[in-house]
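Enquirer: Got a structure here, written out as structure tokens. Questions coming.
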Amino acid sequence: MRNRIKPSVAIILAITILAGFAGLMIQSKPDRTTYAADAIHEVVGTTQVKVMSFNIWIGGSVVDFNKVIEAIKISGADVVGLQESDGNAPRIAALLGWPFVDESLQIISKYPLIQPGDGGGLYTYVQIAPGQVFALSNIHLPSDPYGPYQIMEDMGLDDVLKSEIATRMPTINTFLPTWKRLLKEKMPLVITGDFNSPSHLDWIESTVGIRNANKFPVVWPVSKAVADLGMIDTYRAIFPDPKKVPGITWTLGYPYPRIAPDEVVDRIDFIWAPRGTKVISSGIVGPAGGADVTFGLTPFPSDHLGVVSEIEINPVEPPAYVAVNKLRYEQGDSLGVAYHAPLGDEDLIAIVKAGDNPLTQAIISSPPQEAGYFGALTFGTQTLAVGKYEAALISKDAVVQLTPFWVVAKGAVPSVDTDKASYSQGESITATWTNAYARKFDWIAIFSLTEPGIYYTQSSFHYTKATVNGQVIITSADTGGSLPAGQYELRYLSDDSYAVSAVTKFTVTK
């Protein structure tokens, strides 16, 4: 039986209040909870926000890391969805002087970022003012096989579409229901990302033949699925003619503009906003003098060009939530808990061991503070044992929402393991990871020790889905058939990169 600290003797180590109210207005109640507040807060109304999507290329250091910072600065962006940040999102934000990072989703911002407990790690709230938010989702879809390469190699349309549906649609399908829900609830939604797939708006009759892969029109499934939700491609909202303004974002070619004659270039990086959104401007951040480049600098630091769009946002009051400022804490770290409390200081924020009842088994608890319904508390973690916990929002003696987080030992590093040291060909492999960094784009894969290459040599691929401890069963379907007999490594790789954070060896025998 677990030892528990009674709530009445818990000590809150520090309290930070985020809610600063500039005006008094009664806001309508959210649709999604019966515990909605008559929240008093500033209603900011229509706000102009610059959003950027930027794949910085294996952590941003391939060319010049300082240029990554400069590219974001010259874009004028307020919030950026990064891809391939390789754990550098906090470093980039710090060098920009921006205080807010969602390391799990690779999002950096001038505005507070709040990932709600019921979001499934698929989006974060960007808080324009206390109680006034929009939702931002940032994605990086699988890269291979790449459709335009397949077309250039004479694959027919039907087979290309089958490949797209098998390669990228499974990932986008994990997001679509949540995006649909947010739009139904009138939550402003912005999507940034490297889609690794072109747009159905670009591959049309008028663009056939303008590039070596554009042999016929293609209704690319991923972009069509997003558009069918009621989203608009903000770049095409400003530049509707893909023949006149292609807006190529990949590949750059190095040193620029060195691109092989048989290389494919296309627009695969996007910013989406709900239909009806006013798009003020949109542009490309890339090498100075490059085609369609709006914000230029040399040398440019990535093989992807950045996209930046300025849009009008009408932020709204979110449903009640409880959110932690990160998912993984070392013992002794400060635990930041943001909230929208339905009844203000009549409610309760509690910390509980995962699976325990927050109403009766809280380890630490406190009411929200007097500043209002939207704010944050800071708790200490020194007395919390290593393990999984939940922050709970309690209102009217009922649990409104739970948000998970993990506490690891001071200095803990990730580890990965297999359930056995040796497997027969075709046998499933159970892979386990512990003390991971809880980033959505961390991943595990199997590599053959007979292949010294780093990039694109893995025979499996699984994201760890922002967990600290987890497990996945790898089958022959995941590895493209039975692994040949030989020596292998199971690797835990960092934040969408090939940087190895943990490794274990195993053998496959005939």
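Enquirer: Given the condition free of Cβ contacts under 8 Å to residues at least 60 places away in the same chain, over 17 Å from ILE139 (Cα atoms) and out of contact with any Pro (no Cβ under 6 Å at 6 or more places or on another chain), answer yes or no: does some residue in region 185-198 qualify?
Expert: Within region 185-198, the first condition is being free of Cβ contacts under 8 Å to residues at least 60 places away in the same chain, and the residues that meet it are none.
No - not one qualifying residue is present in region 185-198.
Enquirer: Six or more apart or on different chains, Cβ under 8 Å: which pairs go from a residue in region 421-443 that's more than 15 Å from VAL503 (Cα to Cα) to one that's acidic (Asp, Glu) and modelled with pLDDT under 95? Could you list them?
Expert: Close Cβ pairs satisfying both conditions: ARG439/GLU103; ARG439/ASP495; PHE441/ASP495; PHE441/ASP496.
Enquirer: I'm checking my understanding of the structure. Among residues of region 100-159 that are surrounded by fewer than 19 Cβ atoms within 10 Å (Cβ to Cβ), in a helix (DSSP H, G or I) and not hydroxyl-bearing (Ser, Thr, Tyr), which one is nearest to the chain's Cα centre (by Cα)?
Expert: GLN150
Enquirer: Quick check on my filter: what residues within region 53-64 are surrounded by fewer than 24 Cβ atoms within 10 Å (Cβ to Cβ) and either at pLDDT 95 or above or assigned to a loop (DSSP other than H, G, I, E, B) (or both)?
Expert: Matches in region 53-64: TRP57, SER61, VAL62, VAL63, ASP64.
Enquirer: OK, next. So how many residues does region 70-95 have that are farther than 11 Å from ILE108 by Cβ and not hydroxyl-bearing (Ser, Thr, Tyr)?
Expert: 9
Enquirer: Right, next: Within the group GLY76, GLY97, which residue is at positive phi and in contact with a strand residue (DSSP E or B) (Cβ under 9 Å, 6 or more places away or on another chain)? Working first, answer last.
Expert: Numbers: GLY97 fails: in contact with a strand residue (DSSP E or B) (Cβ under 9 Å, 6 or more places away or on another chain).
Just one listed residue meets the conditions, GLY76.
Enquirer: Report, by residue number, each residue of region 340-357 that is buried (at least 16 other Cβ atoms within 10 Å of the Cβ), in a loop (DSSP other than H, G, I, E, B) and modelled with pLDDT of 95 or more.
Expert: ASP356
Enquirer: Still on this structure, I have one more. How about region 480-507: which of its residues are at pLDDT below 90 and not charged (D, E, K, R)?
Expert: GLY480, SER494, SER497, TYR498, ALA499
Enquirer: Against the condition assigned by TED's automatic domain parsing to the domain that holds GLN127, touching a residue at least 40 places away in the same chain (Cβ under 8 Å), surrounded by fewer than 17 Cβ atoms within 10 Å (Cβ to Cβ) and not aromatic (Phe, Trp, Tyr), how does GLU205 come out, does it pass?
Expert: On the way: assigned by TED's automatic domain parsing to the domain that holds GLN127: yes; touching a residue at least 40 places away in the same chain (Cβ under 8 Å): no; surrounded by fewer than 17 Cβ atoms within 10 Å (Cβ to Cβ): yes; not aromatic (Phe, Trp, Tyr): yes.
In short, no.
Enquirer: Inside region 286-312, can you point out the residues that are touching a residue at least 60 places away in the same chain (Cβ under 8 Å) and among the β-branched types (Val, Ile, Thr)?
Expert: VAL307, VAL308, ILE311
Enquirer: Does PRO240 meet the test of being touching a helix residue (DSSP H, G or I) at 6+ places or on another chain (Cβ under 6 Å), within 26 Å of LEU176 (Cα to Cα) and in a loop (DSSP other than H, G, I, E, B)?
Expert: no
Enquirer: Scanning region 402-449 for residues that are assigned to a loop (DSSP other than H, G, I, E, B) and among the polar types (S, T, N, Q), which turns out surrounded by the most Cβ atoms within 10 Å (Cβ to Cβ)?
Expert: Looking at residues that are assigned to a loop (DSSP other than H, G, I, E, B) and among the polar types (S, T, N, Q), I get ASN435.
Enquirer: Still on this structure: Please go through (1) part of a loop (DSSP other than H, G, I, E, B); (2) under 26 Å from the mean Cα position of the chain (by Cα) for ALA385 and return the number of the only condition it doesn't satisfy.
Expert: For ALA385, the failing item is (2).
Enquirer: Report yes if some residue within region 166-187 is of a type in the set (Gly, Ala, Ser) and either farther than 30 Å from ASP262 by Cα or in contact with a strand residue (DSSP E or B) (Cβ under 9 Å, 6 or more places away or on another chain) (or both); otherwise report no. First the steps, then the outcome.
Expert: Going through region 166-187, the residues of a type in the set (Gly, Ala, Ser) turn out to be 166.
From what is left, the residues that are either farther than 30 Å from ASP262 by Cα or in contact with a strand residue (DSSP E or B) (Cβ under 9 Å, 6 or more places away or on another chain) (or both) are none.
No: region 166-187 contains no residue that is of a type in the set (Gly, Ala, Ser) and either farther than 30 Å from ASP262 by Cα or in contact with a strand residue (DSSP E or B) (Cβ under 9 Å, 6 or more places away or on another chain) (or both).
Enquirer: Which of (1) without any contact (Cβ under 8 Å) to a residue 60 or more places away in the chain; (2) out of contact with any helix residue (DSSP H, G or I) (no Cβ under 7 Å at 6 or more places or on another chain); (3) not aromatic (Phe, Trp, Tyr) does VAL279 not meet, given it meets every other one?
Expert: Here VAL279 meets the rest and fails (2).
Enquirer: Given the structure, is THR378 over 21 Å from GLY120 (Cα atoms), free of Cβ contacts under 8 Å to residues at least 24 places away in the same chain, surrounded by fewer than 18 Cβ atoms within 10 Å (Cβ to Cβ) and of a type outside the set (Phe, Trp, Tyr)? First the steps, then the outcome.
Expert: Numbers: over 21 Å from GLY120 (Cα atoms): yes; free of Cβ contacts under 8 Å to residues at least 24 places away in the same chain: no; surrounded by fewer than 18 Cβ atoms within 10 Å (Cβ to Cβ): yes; of a type outside the set (Phe, Trp, Tyr): yes.
Here the answer is no, as THR378 does not meet what is asked.
Enquirer: Of all residues in region 455-466, count the ones that are surrounded by 15 or more Cβ atoms within 10 Å (Cβ to Cβ) and either outside any strand (DSSP E or B) or of a type in the set (D, E, K, R) (or both).
Expert: Start the filter on region 455-466 by keeping residues that are surrounded by 15 or more Cβ atoms within 10 Å (Cβ to Cβ), which leaves 458-466.
So of that shortlist, the ones also either outside any strand (DSSP E or B) or of a type in the set (D, E, K, R) (or both) come out as 458-461, 464-466.
Summing the residues that are surrounded by 15 or more Cβ atoms within 10 Å (Cβ to Cβ) and either outside any strand (DSSP E or B) or of a type in the set (D, E, K, R) (or both) in region 455-466 gives 7.
Enquirer: If you take the residues in region 243-273 that are part of a loop (DSSP other than H, G, I, E, B) and of a type in the set (A, V, I, L, M), which one is nearest to ILE191 (Cα to Cα)?
Expert: The residue in question is ILE268.
Enquirer: Something else about it: Take the residues of region 260-274 that are within 14 Å of SER223 (Cα to Cα) and among the charged types (D, E, K, R): which is surrounded by the fewest Cβ atoms within 10 Å (Cβ to Cβ)?
Expert: ASP266
Enquirer: Now for a different question. For ASP241, indicate whether it is of a type outside the set (A, V, I, L, M) and surrounded by 17 or more Cβ atoms within 10 Å (Cβ to Cβ).
Expert: Against the criterion (of a type outside the set (A, V, I, L, M) and surrounded by 17 or more Cβ atoms within 10 Å (Cβ to Cβ)), ASP241 does not qualify.
The values are calculated or read from the model by the stated rules, or taken from the named source; none is laboratory data. None of these values were measured; they are calculated from a predicted model. Positions of Cβ are backbone-derived with ideal geometry, glycine not excepted, and every protein chain shown enters the neighbour counts.
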